[in-house]
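The values are calculated or read from the model by the stated rules, or taken from the named source; none is laboratory data. If you're wondering where the values come from, they're calculated on a predicted model, not measured in any experiment. Backbone-built Cβ (ideal geometry, glycine too); neighbour counts: all protein chains shown.
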Amino acid sequence: MLAYPRTFVVTCLLCGLAGCVSKSRYDHVTAAADARAQHDAEQIKELEARLTTATELAAQRDAEIVKLETPAHHPPTQLAAATSINQHLRAELTRLGKDVDSILAEKGTLSTALENAKARLEELRKAQEAAEKRIAQFKELAHRLQKQVEAHQVTVTMRGGHTMVVVACDLLFDQGKLELSAKADLVLTPLSKALREIPDRRFEVITHTDDATPSSKQAPTSWELSSLRAVEIVRRLVKSGLRPERLVAAGQGAFEPLVANDTPEHRAMNRRVEFVLLPSVDELVPLPPQTGKP
């Protein structure tokens, strides 16, 4: 029988959570993003005010130019002064036009930066929500299987951000056998009930072996042995009430050992079954846009 100490469960939880967004890190990034967004908004407001002022000034000077260039309002003796003012104002308007173009360009850049900051903040919020949801599911599953955990029948852990229940193969199968043992239901019945109470989630049943060569003709390699055992477990779970579309059977063989196969105890640790909660669609991290040829 494989025993996983309670301290090991806690350690695995802490290690698994390290891949998530930590609360302090999230708060720091969120505060920085909010500050950046506020700063950008203030700059945009200031630039809009400058743009409004420049537009009003340009309109006023256009009106002055029209007045100075109207002969009915200016006798011939004032034409020279009017022409000089006209040229000066046109030069000033040209300069203002360049400033306005620069302001518009700067405004566009700040608007883009502000939108990017908002999008990044939203991504961080979603990642934090997904992490908190996974933690809550982990705690709930551990609570439901508390008796089995205390009896060292199962271990609830988190690896790579995924919650999983680990069961020693020796509790489910006799050495080298493909059929579930008579005592398997002592573990699978409460486990099936706990999994059924998690709505709208799929589970992958992954069976592992040690490095010993199987002696069964039906399973000449560890691939066949682990795969057939996974199918056998899935059948039993379906029989107990789990919907078949929520289950995936997989055999890993001897190719993902936890420890070296150098002692009987270590081989027993490697002979295990993992019931992995697969992520839902809203927990998947979106990939950045892809460019270029495949």
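List of remarks:
- Condition met for A249 (assigned to a helix (DSSP H, G or I), within 27 Å of the chain's Cα centre (by Cα), of a type outside the set (D, E, K, R) and within 24 Å of L141 (Cα to Cα)): no
- Against the list (1) under 28 Å from the mean Cα position of the chain (by Cα); (2) farther than 30 Å from K133 by Cβ; (3) exposed (fewer than 13 other Cβ atoms within 10 Å of the Cβ), the condition D200 fails is (2).
Per-residue answers, yes or no, for (1) among the hydrophobic types (A, V, I, L, M, F, W, C); (2) modelled with pLDDT under 95; (3) in a helix (DSSP H, G or I); (4) at positive phi:
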{"position": "T189", "(1), (2), (3), (4)": "no, no, yes, no"}
{"position": "D200", "(1), (2), (3), (4)": "no, yes, no, yes"}
{"position": "T207", "(1), (2), (3), (4)": "no, no, no, no"}
{"position": "D210", "(1), (2), (3), (4)": "no, no, no, no"}
{"position": "S215", "(1), (2), (3), (4)": "no, yes, no, no"}
{"position": "Q218", "(1), (2), (3), (4)": "no, yes, no, no"}
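- Failed criterion for G160 (all others in (1) at positive phi; (2) of a type outside the set (A, V, I, L, M); (3) surrounded by 14 or more Cβ atoms within 10 Å (Cβ to Cβ) hold): (3)
- Residues in region 120-171 that are part of a strand (DSSP E or B) and under 23 Å from the mean Cα position of the chain (by Cα): V156, T157, M158, R159, H162, T163, M164, V165.
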